[in-house]
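Take a look at the structure below.
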């Protein structure tokens with residue numbers, strides 16, 4: 001009875017559930033849009049049929065509902081694709097798989113958005129389709145933004161800086177090239193220098209003409225972004241023009257891998273198409289190996305062999321687009337199953353805004369809106385399963401885990417040379433993901449190695465340089481400063497073959513001669529020949545394209561490196577200060593000049609002070625420091641000043657005296673050394689005529705400062721050092737000497753700020769001037785080129801070679817011969833030594849003296865107190881330290897104590913100790929006698945020492 005009740009309840013619950021949930025429809029139809037007769041479409045057609053068959057055989061999916069697909073041929077036409085999409089909409093499909101073309105996807109996305117039908121594309125890779133403008137577009141493959149990031153990483157890996165993009169002029173081609181430009185700038189600081197676009201369906205003559213124009217540019221790195229059906233025509237034209245030889249780099253996007261994978265194994269195709277693409281790099285969307293993938297590929301090959309009648313076409317393989325088309329159908333089917341499982345009901349309704357115009361035969365009114373389209377779209381975006389392409393899951397509107405294989409075409413097939421993923425970038429290790437997340441980095445050697453060796457066009461393994469000089473008959477336009485002073489650096493020279501000459505020109509020619517390729521150049525003087533040109537303006541001309549490069553004494557400074565690229569410096573340079581100097585003759589008082597008067601006064605005072613301290617500390621111990629007052633005064637003076645030469649003959653015996661003397665002798669040693677060095681400098685070197693001694697004194701003064709015409713020194717002093725413009729004077733180099741000699745008082749300048757090479761040449765013939773201070777900038781001279789010019793890198797290597805083999809120094813000696821002043825010393829006299837340089841030493845000596853005196857007097861007071869308590873000096877028969885009682889009564893007590901203390905201090909240490917020991921013995925004897933008297937009775941006799949006052 002209980003079992004029957006439970007069965008009855010279960011039947012009731014099932015009935016209630018059946019009433020609550022609507023019945024599943026017996027069949028559901030989806031559409032498919034692609035070009036049947038195409039590389040992508042032929043693979044996708046078979047894959048879609050196999051996917052539908054597998055779904056209908058799966059009992060766990062679409063339970064009781066049969067999935068059918070309606071395929072429409074878009075014929076690679078946006079117009080035909082739109083018509084076919086409308087026909088599918090008439091048949092009330094709930095989802096559409098496709099299209100394969102990005103251009104058609106742009107148009108059809110508007111249709112499905114209006115009718116609310118999800119559009120799941122497996123091959124439309126234009127990044128612009130991810131826009132919110134197309135809410136019902138779902139991309140079941142990776143878009144070209146990731147593919148172009150992989151291409152940019154390959155370009156960066158080999159160090160190329162310029163790329164020529166060859167692409168089909170469609171939404172697909174333009175979107176991919178725009179993504180490539182962004183990726184190159186971000187990953188490699190490279191750029192697309194030439195965009196060679198060709199229209200869809202271009203014939204071979206148009207492609208040849210396009211590649212001829214592209215070959216006249218300097219870049220030899222070509223990125224081909226085309227469709228699989230027409231892309232091979234580009235390589236046929238390149239092969240015809242000899243552009244598949246060594247020195248060229250060809251990178252094809254994933255369309256080439258799809259074309260190779262979909263090709264038949266016939267020998268005729270291999271000998272024609274493959275021979276034209278030897279050495280090409282291409283990409284293929286990475287799909288991990290799995291049993292499901294291998295099974296699908298086997299069934300695909302069998303189905304393709306059954307469908308193809310001729311053996312010539314037999315042997316086709318499934319390309320990556322076929323795999324993504326297969327998963328796209330499964331994605332739609334799983335979304336439909338979840339939609340129906342949640343009680344979804346498929347219904348369509350008319351859209352009042354869609355109606356036929358009068359007399360129209362388009363039958364637009366037959367189009368219906370999928371009422372539950374938004375719910376089904378959400379189910380599609382929630383996809384999370386493992387398909388034949390790997391993990392199928394969305395992050396935003398993009399599939400997770402984008403990855404590509406990097407393939408190298410060689411022989412009759414391709415060779416994998418590496419992988420690219422969004423997590424590890426280039427690597428020879430296959431991407432792997434944990435729980436569908438980002439790819440963890442590889443370890444060991446595989447993490448360090450990015451790509452295996454590549455066989456390039458021309459059957460070479462050495463990476464091509466990637467650029468040549470443009471074959472358009474125009475040499476490089478080189479801007480050369482037209483200097484009017486110090487023309488040996490660089491200037492216009494009508495007698496020279498190139499019209500210019502100088503040290504900088506010879507360095508440039510020597511560097512160019514080391515390059516492994518010819519460099520046609522045309523030197524163009526820049527300037528009016530009246531004064532030196534503005535070097536900042538010359539650099540701006542290079543950045544603006546008026547010149548291809550600037551060769552001359554161009555300084556490498558920060559603001560210039562932002563707009564142009566410089567080579568390795570060929571001359572070290574920096575800003576220095578030039579000031580006039582004068583020779584100073586010695587006189588009879590020259591020995592007083594090393595110290596300032598204050599320094600002399602303090603030094604003499606300390607000599608006397610330390611001598612007095614040592615006398616005090618030694619007076620009680622050392623007989624050399626005792627005697628009549630006159631002798632002791634002479635001893636103090638003699639000892640004090642004899643320590644200057646370490647010639648004192650009096651020995652110190654007290655510990656405190658030795659402590660003070662050691663510290664003072666150290667101070668004397670430092671003072672003597674400093675005095676000797678300063679006096680030597682004063683007697684042997686020249687002295688500054690002005691107060692400018694370096695950068696700090698230059699900035700603190702208000703005197704005018706000179707700089708060279710056209711130099712960056714003006715902007716540097718104003719912007720970096722804060723020097724007001726009113727202090728700056730623009731001068732030609734031949735005006736330097738006159739301006740410095742006249743000085744600020746006579747309309748001249750106090751100092752010149754200029755670059756070291758000019759200053760060295762100026763000082764070699766002007767002995768009355770010298771540099772002061774140190775260089776306060778560190779830079780150099782280099783050759784300036786337009787941004788990202790590969791010639792700057794090659795010339796830098798050549799300049800280093802010139803430096804290493806000594807040619808750079810030989811060119812320097814040829815043009816920049818030192819003058820008569822080159823061997824003279826450039827040192828200038830230092831300031832007189834003042835107290836501020838030595839106050840620390842005097843402080844240490846003074847503290848030592850104070851501590852020693854404090855310890856000494858503390859010890860004296862202790863001895864005095866001990867001596868006084870003993871009764872003081874009766875052993876001297878009335879003539880000791882303390883007077884007799886009668887004289888004590890006739891003088892003040894305080895005066896007597898001071899006199900007693902002074903007399904005690906003057907006593908010898910040995911006498912004091914002997915008196916203290918004697919008094920201690922007498923006290924012990926008195927205590928002993930007192931004890932005996934108490935025990936025997938009182939004594940009647942008076943001490944003999946007590947007498948009556950007279």
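Each reported figure results from applying straightforward, stated rules to the coordinates on display, with no laboratory input. Given the structure is predicted, the values throughout are model-derived calculations rather than measurements. Here the Cβ is made from the backbone with ideal geometry for all residues, glycine too, and neighbour counts use every protein chain on show.
What the table below lists for this structure:
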| read-out | value |
| --- | --- |
| FRET efficiency, 1/(1 + (r/R0)^6) with R0 45 Å, evaluated for residue 469 and residue 350 via beta carbons | 0.10 |
| Ordering of 549-562, 377-390, 293-306 by burial proxy (mean other Cβ atoms within 10 Å per residue, highest first) | 549-562, 377-390, 293-306 |
| Efficiency of FRET from Cβ geometry, residue 209 and residue 189, R₀ 51 Å, rounded to 0.05 | 0.95 |
| Region 72-214 - percent relative contact order, Cα under 8 Å, separation 6 or more | 18 |
| Protection proxy ranking of 367-375, 69-77 - average other beta-carbon atoms within 10 Å, highest first | 69-77, 367-375 |
| For peptides 331-341, 420-430, sequence by mean Cβ density within 10 Å, most packed first | 331-341, 420-430 |
| Using a Förster distance of 30 Å, the FRET efficiency for residue 847-residue 681 (Cβ separation, nearest 0.05) | 0.45 |
| Sorted by Cβ density within 10 Å, fewest first, the residues 185, 405 | 185, 405 |
| Kirkwood-Stokes translational diffusion coefficient of region 25-182, alpha-carbon pairs, 10 °C, 1.306 mPa s, µm²/s | 94 |
